[in-house]
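Comments concern the structure below.
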Amino acid sequence: MGNVTRSSSEVYTSDSEKGFAINHSTPPELDAGAKFVLVSRGSWLHCGYHLTTSIVAPVLLTLPFSFTLLGWVGGVLWLTLAAVITFYSYNLLSVVLEYHAQLGRRQFRFRDMAKDILGPGWAKYYVGPLQFAICFGTVIGGPLVGGKCLKLIYYLYNPEGSMKLYQFITICGVITLILAQLPSFHSLRHVNMISLILSVLYATCLTIGSIYIGHSKDAPPRHYSVRGSDADQLFGVFNGISIIATTYASGIIPEIQATLAAPVKGKMLKGLCVCYSVIATTYFSVAISGYWAFGNDSEASVLSNFFSPAKKPLLPKWFFLMTNIFILLQVMALTAVYLQPTNEIFEATFGDPKMGQFSMRNVVPRVVLRSVAVAAATVLAAMLPFFPDIMALFGAFGCIPLDFILPMVFYNMTFKPSKNTIIFWVNTLIAGASSILVVIGGIASIRQIVLDAKTYNLFADL
């Protein structure tokens, strides 16, 4: 490895064995976003907490429904394959990040990677906006999911009550507003440890509930054939693939790795092992037990199957209360995690890295801007209770590129593996197949939005 100085401010580092060169400017002074929000003090265990919270979320309630579109064989096969691909993909991202850190330019954000590897235009006009849309979309979805959990609890104990969904969404927005004031990603480490425990607890509740109902006298008749016309089945397969792919999505892997204290080598892999041990415990148990119990009648959320057609609970009220509280608390932590990229942008734009993190100069804009962002997300959640349909579209066009395509591209462009190597063709195959999935999954999501459009109403009490 040799360095050739081109100027006082620019260094080209080349690898003679691999035959490539990477252009790095002298590492700049950290901006306020990287310095204050993405502060690097965490351990690999903290990284595991962050990863688990960012991936294992209430979206796993949709897994039994995805099996209705794919069947037993297709569902289990794709659930397993998606786990292997995403673990591999996130590890590739980590390796690229570690490599650039060893070169003396640590990358803290997805857009930093895009800027250094693909060029400034890709970072500014594609990767940055795409990641922001996914992350802020999740911030909108958080109070919405939490509001629906609160409404379900309210309905159980007061079925004739007059409170509307938007009121529960507002309550969750206030909770999010409080969590948003935690100064850095690292500040969430204990919150995310609790979030990991909560995700295991509610997944266990869902599994036990499905098995209990499946063996009870109220068990519904079970059929496992894929329904619909040939066209419906074809679109359903791609929709099911997109749903499962989205359940494994993160979109903030570089930001999570940025929280690690140097040296970072090997720490992310340990964190991924923590995360995927939780995934193996939760995803498969919820998907298989739910689909076994309800067959092709599995609803978009398996919790809906815990009620009879007459809306009578098939499980004790205390069980519903416990499960929904676990989901509610975990989704609040999830929302705080996905708020971090927005916080980082605000801090980088309006913060002053030369002043203290808790100086009045930085605290005032931080509190005001974060509060405005959460308020806007809460209003949008209340206005658009059908937002999950829109998020499915975001998932196809956003999560798959960020988590299935770009890691392969970043690795191949950074290390330039020979075309005679397996890793080159594996990466190329995954990126190519995922690109096709983006198009077809996007079409399937748009089709679903069109089919559901007649039920859309602003501030609807769903």
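The values are calculated or read from the model by the stated rules, or taken from the named source; none is laboratory data. Remember, predicted model here, so these are calculated numbers, not experimental data. Here Cβ is always computed from backbone atoms with ideal geometry, including for glycine, and neighbour counts include all displayed protein chains. Note: areas computed on protein heavy atoms with side chains; ligands, DNA, RNA excluded. Shrake-Rupley method; radii C 1.70, N 1.55, O 1.52, S 1.80 Å.
Projected onto the charge dipole of the chain (+1 at Lys/Arg Cβ, -1 at Asp/Glu Cβ, origin at the Cα centre), which of LEU182, SER359, LEU60 gives the Cα projection farthest towards the positive end?
Of the listed residues, the answer is SER359.
Ignoring ligands, DNA and RNA, please state the percent of accessible area on the chain from carbon and sulfur, probe 1.4 Å. Each step should come with its number before you reach the end.
Working: 13600 of 19770 Å².
Carbon and sulfur atoms account for 69 percent of the accessible area of the chain.
Where the only charges are on Cβ atoms (+1 Lys, Arg; -1 Asp, Glu), what is the dipole of the range 100-148 about its Cα centre, to the nearest 20 debye?
Computed about the Cα centre, the dipole is about 60 debye.
Divide, for the chain, the radius of gyration over alpha carbons by 2.2 N^0.38 Å, where N is the residue count.
On the way: Rg = 22.6 Å, N = 462, 2.2 N^0.38 = 22.6 Å.
In units of the 2.2 N^0.38 Å rule of thumb, it is 1.00.
Taking the Cα atoms of the range 279-394, what is the range of coordinates along each of the three principal axes, in descending order and whole Å?
59, 33, 31
On the Cα set of the range 271-324, report Rg and Dmax in Å, please.
My reading of the Cα-based Rg and Dmax gives 13.8, 45 Å.
Just name one of LEU97, GLN107, ALA82: the one whose Cα is farthest towards the positive end of the charge dipole of the range 48-122 (beta-carbon charges, Lys/Arg +1, Asp/Glu -1).
Positive-most Cα among the choices belongs to GLN107.
So, by mean Cβ neighbours within 10 angstrom, what's the order for 59-72, 202-215 with the highest one leading?
Details: 59-72: 23.9, 202-215: 20.0.
Listed from highest to lowest mean packing, they are 59-72, 202-215.
Accessible area per residue, 1.4 Å probe, Å², for the chain: what's the number? Numbers along the way, then the final one.
Numbers: 19770 Å² over 462 residues.
Roughly 43 Å² per residue, with all protein chains present.
Specify which residue in the list SER250, ALA280, VAL226 is farthest towards the positive end of the charge dipole of the range 214-294, using unit charges on the beta carbon of Lys, Arg (+1) and Asp, Glu (-1), about the Cα centre.
ALA280
Amide H to amide H, which residues 5 or more places from VAL39 or on other chains are under 5 Å from it, using H placed in the peptide plane?
Result for VAL39 returns PHE185, HIS186.
Which lysines have a Cα lying under 18 Å from the Cα of LYS124, excluding residues fewer than 8 positions away in the same chain?
The reachable lysines, counting only those whose Cα sits under 18 Å from LYS124, are LYS115.
Could you sort ILE446, ILE430 by their accessible area in this structure, using a 1.4 Å probe and putting the largest first? Working shown, then result.
Values: ILE446 80, ILE430 25 Å².
From most accessible down to least: ILE446, ILE430.
Just to compare against my own numbers: the Cα pair-distance distribution for the range 204-243, 10 Å bins, whole % per bin, please.
Final binned percentages: 25, 29, 34, 12.
If the chain between VAL450 and ARG227 were fully stretched, how many nm would it gain, using 0.36 nm times the residue separation less the Cα-Cα distance? Can you show the working numbers first?
Working: separation 223, 0.36 × 223 = 80.28 nm, distance 1.97 nm.
Net length gain for the segment: 78.3 nm.
For the chain, what does the relative contact order come out to in percent, with C-alpha contacts under 8 Å and a separation of six or more?
Numbers: 712 pairs, mean separation 145.9, N = 462.
Result for the chain is 32 percent.
If eta is 0.890 mPa s and T is 25 °C, what Stokes-Einstein diffusion coefficient results for the range 223-283, Kirkwood Rh from Cα pairs, in µm²/s? Working shown, then result.
Numbers: Rh = 14.7 Å.
Value of D from the Cα-based Kirkwood radius: 167 µm²/s.
Please get the size of the charge dipole for the chain, origin at its Cα centre, with Cβ charges of +1 on Lys and Arg and -1 on Asp and Glu, quoted in debye to the nearest 20. Intermediate results must be reported in sequence, preceding the final value.
Numbers: 31 positive and 22 negative charges, 106 e Å.
Roughly 500 debye for the chain.
Relative to the present Cα-Cα distance, how much length would full extension add between TRP318 and TYR88 at 0.36 nm per residue of separation?
Numbers: separation 230, 0.36 × 230 = 82.80 nm, distance 4.02 nm.
Result for the pair: 78.8 nm of gain on full extension.
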